Structure formats: structure tokens, C-alpha cells
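Q: Quick one: structure below, then a few questions.
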Amino acid sequence: MKRIAFLTCVGSLALALTTWGAPSKTAHKSAKKARGAATAQTVSAKGGGHVVSHARTMRTSRGVSAARVRSTRTTTASERIGARRNVTVNRERNISRASTLRSSRVEAARVRSARTATANARIAARNNVVASRQRNVRIVNNWRSDRFRGQNYAAFRDYRRQWHDRTWWRNHYSRIIFVSGGWWYCNAGYGYPAWGYASGAYYPYDGPIYGYGDLTPDQVIINVQIQLQRDGYYAGTVDGLLGPQTRGAIAAFQADHGLAITSAVDQPTLTTLGLT
């Protein structure tokens, strides 16, 4: 019995010891697990911090890149808009310039037309004046009346047409010149047609032409035509020919100024015109 009781006590003691030691091991294991969890949490916390920091960096980089892309796109769009505006402005400027040029051309054409009309009106008025002045004046070819008694008209009063060949003219006059289709000889300050000097010679006027300043007959006539134009008596061409229109203008001028009407270039007429 004693033996059984002893064994029972020993067993109870062993069981008690076992029960007491088991919680301690469990607690140790729990503490170890807690320390491991804490360490894991610490590591996780450290690793997580790096992850968070990397994520933030990535988000920042992506944000900066996106901002740069948006800025580049905005700049490109602005440049395109600016280019389109420049094109539009250039087109408007070109249109404005073209319109201004057209307006200038139209205005220039209008001015030219007005000037032409004014010039034509002046020419018409001058022609009317010339026609009015010449209407009652006849061209005179006969210089043997009493009106031509003076010495200033002796060359006209004494003029007779002469026909001779070239040799005769050369032997009698030292100066023979070709003027406006015909041959003229010079004598005592006058030029006369040298009839017969050459075949086919042309003389629009048959009579003497008073000369001055060693000018040829055609140069003298040109000066007379210019002055008669200025005075409103001649509206024809300045050609150096003493034709019907020029002679009519001379006759009208002579009539208005009380001169003997020779219808030709004589000394009193040149003096009155202011040429000598």
C-alpha cells in the first residue's frame, strides 16, 4: 500500500512539474514568436518604407514626365496656332497690298485718262482758235502788190522761179544744200529752191525763206513752227516743212500783227516772233 501511495505521490509531483514547465515553454515560444514577428514587422516596416519611397519617386517621375509631355504638346500647339496666325496675317497683308496696288493702278489710269481728256480738250480748243484765226486769211503767193514795196520784201517781190542743171547752179552759187527732199541755194541771207538741180527734188513751197544765225531753211522753219504753236497759231507737226498749214499759221500771225501777208518766212515776221 505504501508503495502504491508513494508512486501516486511521485506521479502527482511529476505531473505538477510537467504542468508548470509547459506554460513556461509555451510562453517562451510565444515570446520568441512575438520577437520574430516584431523583427519581421521591423524588417517589413523598413522594406515597406523603401517600397513606399520608390512608389512615391515613380509617381513623381511619372507626374514630371506627364507634365513635360503636356508642356511639349502645349508648346507645339501654340507654335501651330502661331504659324496659322502668321499665315493668316500674311494672307491678309498680301490681299491688302494687292487691293492697294489695284486701287493705285485704277487711280493712275483715271489720272492718265483725265490728263488725256484735258490734253485733247486743249488741243481741240487750240485747233478751234487756229481755225478761227485762219478762216478769213488766204495764203498769198503773189508778192508784187504795194504791200511789198519795202526793202524787207525785195526778195519776195523780185523772186522768179529758175530752172538750171547742176553745173549751172554750182557755177553761180557757192552754197547749195539738200533740205527736206529738195536742193536750196543761199543768196544774200535768203534760201531759194534750186529748180532743176536734181531730178525728183521736192519743194512744198516755191519762194524765198529768210535765214538767220547761219541756220538752214528747215531749221528756221522749225523755230517758226514752235513759236507759232506757243502763240496759238499752229497746231500741226513740227517738221521743218513750209507747207499749207504752216503758211496759213504764218498768214494769220501776220494779219493779227499788221504785217504784210507773205504767208512765208520774212524778216519782219521773224522779228515780231522774237526770233531775230
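The values are calculated or read from the model by the stated rules, or taken from the named source; none is laboratory data. Given the structure is predicted, the values throughout are model-derived calculations rather than measurements. Cβ atoms come from the backbone with ideal geometry, glycine included; neighbour counts cover every protein chain shown. The protein model used for the area step is the full one, side chains on, heavy atoms only, and it has no ligands, DNA or RNA in it. Shrake-Rupley method; radii C 1.70, N 1.55, O 1.52, S 1.80 Å.
Q: Could you give the length gained by full extension between THR167 and ASP256, i.e. 0.36 nm per residue of separation minus their alpha carbon distance, to one decimal place?
A: Full-extension gain reported as 27.7 nm.
Q: Here's another thing I want to ask about it. Quickly rank 143-150, 92-99 as a protection proxy: mean count of other C-beta atoms within 10 Å, highest first. Don't skip to the answer; put the middle values down first.
A: Values: 143-150: 13.6, 92-99: 10.0.
In descending order of packing, they fall as 143-150, 92-99.
Q: Sorted by packing (mean other beta-carbon atoms within 10 Å per residue), highest first, where do 106-113, 246-253, 163-170 land? Provide the component values of the computation, followed by the final result.
A: Working: 106-113: 10.0, 246-253: 24.8, 163-170: 12.9.
Most protected by this proxy first, the peptides run 246-253, 163-170, 106-113.
Q: If I take R0 = 45 Å and measure r between the Cβ atoms of SER103 and GLU79 in this structure, what FRET efficiency does the formula 1/(1 + (r/R0)^6) give, to the nearest 0.05? Kindly include the intermediate steps, with their values, before the conclusion.
A: Numbers: r = 35 Å, r/R0 = 0.79.
It comes out at approximately 0.80.
Q: Another question, if that's okay. Whenever you get a sec, compute what percent of the accessible area on region 187-237 sits on carbon and sulfur atoms (1.4 Å probe). List each step's numbers first, then the result.
A: On the way: 930 of 2060 Å².
Answer for region 187-237: carbon and sulfur cover 45 percent of the accessible area.
Q: What ranking, highest mean first, results for peptides 174-184, 264-274 when packing means the other Cβ atoms within 10 Å averaged over each residue?
A: Numbers: 174-184: 15.6, 264-274: 19.7.
Sorting 174-184, 264-274 by mean packing, highest first, produces 264-274, 174-184.
Q: OK, next. Under 5 Å between amide hydrogens, which residues at least 5 positions from VAL179 or on another chain qualify, with H placed 1.01 Å from N in the peptide plane?
A: Here TRP184 satisfy the definition.
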